[in-house]
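To start, the structure itself, in structure tokens.
The values are calculated or read from the model by the stated rules, or taken from the named source; none is laboratory data. Source: prediction; values computed, not measured. Cβ placement follows ideal geometry from the backbone for every residue including glycine, while neighbour counts extend to all protein chains displayed. We work out accessible area using only protein heavy atoms, side chains counted, and drop any ligands, DNA or RNA first. Shrake-Rupley method; radii C 1.70, N 1.55, O 1.52, S 1.80 Å.
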Amino acid sequence: MTRIREMDISDYPQVIKLWTGTEAMLLRDADSQQNIAKYLDRNPGLSFVAFNGEGIIGAILVGTDGRRGYIQHLAVNTHYRGQGIGAQLISSAINTLEKQGIAKTHLFVANDNLNAQGFYEKLGWFPRDEVRMFSYNSSSLNNV
């Protein structure tokens, strides 16, 4: 039986293993345990894990700027896909954001990750072609 609960920093070893093993997951140095701990502290109650007797089989990292929600990483173990776990994680995040008055949530998907794009579209998400993401890196490190 799969259950959903709030993510805790003690989940990090299992969650990073899941994220690292997920195709097209764009991870950076900013996804270190220390940085994820800060993120969870700044966004309490918004990120979730799915687990069963085998451990964590799904995870979603979610934050807000007070106006919009942002889904950073969603992954479900390949052996458990197609069972609605990803949809449950998304629903948990959206419902929690709505309780905080956040009606709109954004996420980023790699251009070549067609499986993820199809998944989100089935859940009612839509692409935003009228905007383009820009990034600025003030660090000397490229993988931040």
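Things worth noting here:
- Put simply, of Leu46, Leu18, Leu40 the only residue that is surrounded by 12 or more Cβ atoms within 10 Å (Cβ to Cβ), assigned to a helix (DSSP H, G or I) and touching an Asp or Glu at 6+ places or on another chain (Cβ under 9 Å) is Leu40.
- Checking the stated criteria, Asn95 turns out not to satisfy the condition of being open to solvent by less than 80 Å² (accessible area, probe 1.4 Å), of a type outside the set (Lys, Arg), touching a helix residue (DSSP H, G or I) at 6+ places or on another chain (Cβ under 8 Å) and at pLDDT 95 or above.
- Filtered by the rule that a residue be among the polar types (S, T, N, Q), under 16 Å from the mean Cα position of the chain (by Cα) and either more than 20 Å from Asn43 (Cβ to Cβ) or part of a loop (DSSP other than H, G, I, E, B) (or both), segment 84-134 gives Asn113, Asn115, Gln117.
- Some residue of segment 59-76 being assigned to a loop (DSSP other than H, G, I, E, B) and surrounded by 12 or more Cβ atoms within 10 Å (Cβ to Cβ): yes
- Of all residues in segment 103-128, exactly one satisfies the criterion of being over 19 Å from Met25 (Cβ atoms) and aromatic (Phe, Trp, Tyr), namely Phe126.
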